[in-house]
1. Identify, by number, the condition in (1) exposed (fewer than 13 other Cβ atoms within 10 Å of the Cβ); (2) away from chain A (no Cβ under 12 Å) that B:TYR6 doesn't meet.
2. I'd like the residue in region B:61-72 that is open to solvent by 10 Å² or more (accessible area, probe 1.4 Å) and of a type outside the set (Asp, Glu) and, out of all such residues, is farthest from ligand 3 (Cβ to nearest atom).
3. Just a yes or no: is a residue in region B:121-144 within 13 Å of ligand 3 (Cβ to nearest atom), more than 25 Å from B:THR42 (Cα to Cα) and either polar (S, T, N, Q) or in contact with a strand residue (DSSP E or B) (Cβ under 9 Å, 6 or more places away or on another chain) (or both)?
4. Select from region B:38-64 the residues that are among the small types (Gly, Ala, Ser) and at pLDDT 90 or above and list them in ascending order.
5. Looking for something part of a loop (DSSP other than H, G, I, E, B), within 16 Å of ligand 1 (Cβ to nearest atom) and on the phi < 0 side of the Ramachandran plot - is there at least one such residue anywhere in region B:83-99?
6. Tell me whether region A:427-437 contains one or more residues that are touching a residue at least 40 places away in the same chain (Cβ under 8 Å), of a type in the set (Gly, Ala, Ser), open to solvent by 10 Å² or more (accessible area, probe 1.4 Å) and in contact with an Asp or Glu (Cβ under 8 Å, 6 or more places away or on another chain).
7. Across region A:1-53, what is the total count of residues that are among the acidic types (Asp, Glu) and at pLDDT 90 or above?
8. Would you mention how many residues in region A:369-392 are touching a Lys or Arg at 6+ places or on another chain (Cβ under 9 Å) and among the aliphatic types (A, V, I, L, M)?
Amino acid sequence: MNTVPKGDRRLALSNLGFAYAAFLIGTLCGLLQVFIRNDALTLPSWLDYYQVLTAHGLLLAIVFTTFFIFAFFQSGMSRTLGAFGPRVLLWNWIGFWVTSIGTLLVVVMVISGQASVLYTFYAPLQAHGLFYVGLALFVIGTWIQGFALVGHYIVWRKQNKGELSPLFAFMTVATVILWVIACLGVVATVLFQFIPWAFGWTEGINVELSRSLFWYFGHPLVYFWLLPAYMAWYVVVPKIIGGRVFSDSLARLSFVLFILFSIPVGFHHQLTEPGIASFWKFLQTVLTFMVIIPSLMTAFSMFATFELRGRELGGKGLFGWVTKLPWRDVRFTSIFIAMAFFIPGGAGGIINASFQMNEVIHNTLWVVGHFHITVGTPVAMTFFGLTFWLIPHLTGRRFTKTLQKLAFLQIGTWSVGMLLMSTAQHLLGLLGAPRRTAYTGYAHEDAQAWFEGVLSNHVTMAVGGSILFLSAVLLIFIVVQLWWLAPKADESTFMQFPIAESDASSTPKFLENWKIWIGIAFILIALAYTIPLSDIIQHAPPGSGRFQTW
Amino acid sequence: MHLHKYEKIWLAFGVFALIIFLSVVGVSAFHQGNTPSGGHMTIDPEKVRETAPFNEPGLHKKEDGTYEVSMIAMAFGYDPAKLQVPAGEEITFTLTSEDVTHSFSIVGTNVNMMAVPGQINHRTHTFDEPGSYLVVCNEYCGSGHHFMSTEIEVIQQ
Ligand code: HEM
Ligand SMILES: [Cu+2]
Ligand SMILES: [Cu+2]
């Protein structure tokens with residue numbers, strides 16, 4: 001009965017399985033963190049806070065997201081462009097194994113205590129060389145999977161000469177292009193700086209260069225998480241509510257703009273450090289702000305789709321359509337809440353990027369609050385919403401009434417937990433509480449205040465974190481049910497991959513001319529980076545040695 | 001490409017907001033001189049203590065009457081460990097690291113800067129109120145990161 005080709009199904013499920021295993025361990029680390037920071041828990045001597053924090057950042061922000069994204073891409077590409085051929089399938093599997101081996105290598109190094117360098121691995125902290133090898137394999141594996149998907153797309157375009165590809169495929173290719181260009185930075189620093197230095201083949205490392213190359217990658221990484229969520233918003237949600245894509249051309253244009261304006265902006269993570277002239281920091285601040293335009297376009301499209309559908313269903317008056325939306329459908333509600341979280345998230349992002357305002361919050365707990373209400377909620381909760389039908393779609397099981405109720409409980413608790421935890425983190429950050437510290441009891445009255453507020457309090461953070469962890473366990477329970485235990489679906493209850501209709505008849509062809517966009521992207525990158533990077537290289541101080549301070 | 005009328009209004013509003021935001025940031029930066037900490041001097045990270053001004057860490061009065069504090073960040077503390085500075089005077093903090101990356105962040109002020117090995121960072125600040133200020137390292141630097149803090153006494157002259 002299941003219409004998904006067996007090979008494609010197994011591939012996507014393998015990625016999903018990996019994603020949720022990482023999710024479970026990662027959120028457990030999060031739970032430990034809130035209690036350690038609150039002085040309510042002391043770790044055994046063989047385990048260290050920063051080891052736990054490294055695992056948390058890597059497993060959730062990198063491993064969970066990436067594996068989930070590829071599962072989503074693979075099932076969607078198979079659905080919209082047809083079943084994978086044997087070569088596409090083979091290369092996808094090779095990519096999957098390379099990514100997995102890389103991940104395992106990294107995890108082993110972290111567990112064995114040789115890589116407590118956090119997921120940003122700033123030089124000259126030096127982890128075991130194999131940690132960096134693992135990172136390199138991880139990236140290379142994702143490239144192989146990405147290129148395999150592009151290969152599938154190229155085959156389709158050859159067979160459908162002159163046609164625009166389906167929106168889902170277009171967006172997948174855009175995201176893969178963004179990812180590959182972004183990774184050039186991290187690949188360069190890992191291969192040419194970290195690995196030779198960690199194995200002792202070179203003496204010193206140019207720290208400022210490694211930081212700049214890292215952030216050239218680190219910011220678009222955020223868009224690699226976000227664009228798949230946007231794909232769900234643009235393509236999947238309209239179908240779930242019974243509507244259409246609001247405008248095919250605007251959807252494509254916004255993705256193109258995200259490629260252009262998410263890469264040449266990494267300096268906005270380095271505003272408070274030396275080695276980069278103010279002018280270049282400012283230029284990248286300006287480019288950072290450009291991303292407001294595609295973000296507003298996306299917001300408009302979403303609400304236009306909702307309103308059109310609500311009115312179709314008989315919603316009257318200015319806001320009557322709101323009540324007509326399918327709030328009882330958790331596949332919709334989860335994603336709607338995810339979008340709502342993105343509003344304060346985006347506003348916080350503007351604050352972070354604002355040249356001078358950055359000094360107020362740079363590296364404080366505010367930043368941690370910020371990415372929990374951007375990646376930890378809009379992205380992660382969109383993924384939860386997708387999980388509720390993606391697993392049944394792949395396993396041919398039913399998302400039963402009971403499971404739907406549990407799903408509501410899951411997203412409800414996740415929202416409440418995040419609201420408590422991230423509000424506390426934002427406020428503590430404004431009061432100057434630093435991030436990435438195992439301990440918060442500095443002997444000073446300014447620090448005592450961090451325990452006194454109603455919301456700006458480490459206890460509030462721990463309460464939020466505990467609710468979050470319960471929610472995560474509930475999600476894993478739902479995943480297991482949908483995977484192995486729920487009743488099998490029949491013809492009438494089988495969950496199709498929801499793809500909304502998108503009218504591409506008036507979409508200009510040049511939007512799918514990748515040569516133009518990749519070309520412009522490289523021009524912008526060259527403008528923003530050539531001079532400051534060559535400055536950093538030419539005026540390099542003697543390199544830094546190797547330090548293991550944990 | 002077709003654009004809906006409301007979408008045009010919405011995007012015009014967006015572009016307008018963008019221009020306002022960037023003008024505010026730009027005027028503040030280039031007209032009023034509010035730029036975040038930074039610097040363009042490099043240093044041999046292994047010879048920090050032999051290189052001026054870090055050969056004499058601490059408070060110095062400069063010829064123009066303003067003050068400079070030269071400060072070394074290291075795992076897991078700062079040199080000088082105790083610091084007294086005058087209230088109401090302009091003070092330039094000059095910072096570097098002799099090992100890994102750290103930060104020097106004075107709680108309750110906008111002084112928040114990174115100490116990157118090989119690079120020298122600057123930030124100017126005037127303390128209006130006397131009192132004791134907490135300084136923390138907010139860039140992960142190892143197992144003692146959370147012990148890396150100090151206090152600055154600001155005294156009325
Ligand atoms: C049970 C749910 C979660 C809890 C309790 C939790 C808790 C925390 C806490 C307390 C920190 C701050 C640690 C510090 O600065 O010392 C943190 C950091 C972080 N969290 Fe979470 N979190 C959760 C879920 C997530 C999710 C779903 C994501 C992303 C998909 C995420 C991504 C991160 C990242 C990237 C960091 C920064 C790591 C670093 O600074 O190196 N967290 N988390
Ligand atoms: Cu430090
Ligand atoms: Cu530190």
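1. (2)
2. B:GLY65
3. Yes: region B:121-144 contains one or more residues that are within 13 Å of ligand 3 (Cβ to nearest atom), more than 25 Å from B:THR42 (Cα to Cα) and either polar (S, T, N, Q) or in contact with a strand residue (DSSP E or B) (Cβ under 9 Å, 6 or more places away or on another chain) (or both).
4. Correct list: B:GLY58 only.
5. no
6. Looking for residues that are touching a residue at least 40 places away in the same chain (Cβ under 8 Å), of a type in the set (Gly, Ala, Ser), open to solvent by 10 Å² or more (accessible area, probe 1.4 Å) and in contact with an Asp or Glu (Cβ under 8 Å, 6 or more places away or on another chain), one finds at least one in region A:427-437, hence yes.
7. So the answer is 1.
8. Residues flagged as touching a Lys or Arg at 6+ places or on another chain (Cβ under 9 Å) and among the aliphatic types (A, V, I, L, M) within region A:369-392 amount to 2.
The values are calculated or read from the model by the stated rules, or taken from the named source; none is laboratory data. Fair warning: this is a prediction, and the values are worked out from it, not measured in the lab. Cβ sites come from the backbone with ideal geometry, for glycine too, and all protein chains shown count toward neighbours. When the accessible area is computed, the model is the full protein with side chains, heavy atoms only, and any ligands, DNA or RNA have been set aside. Shrake-Rupley method; radii C 1.70, N 1.55, O 1.52, S 1.80 Å.
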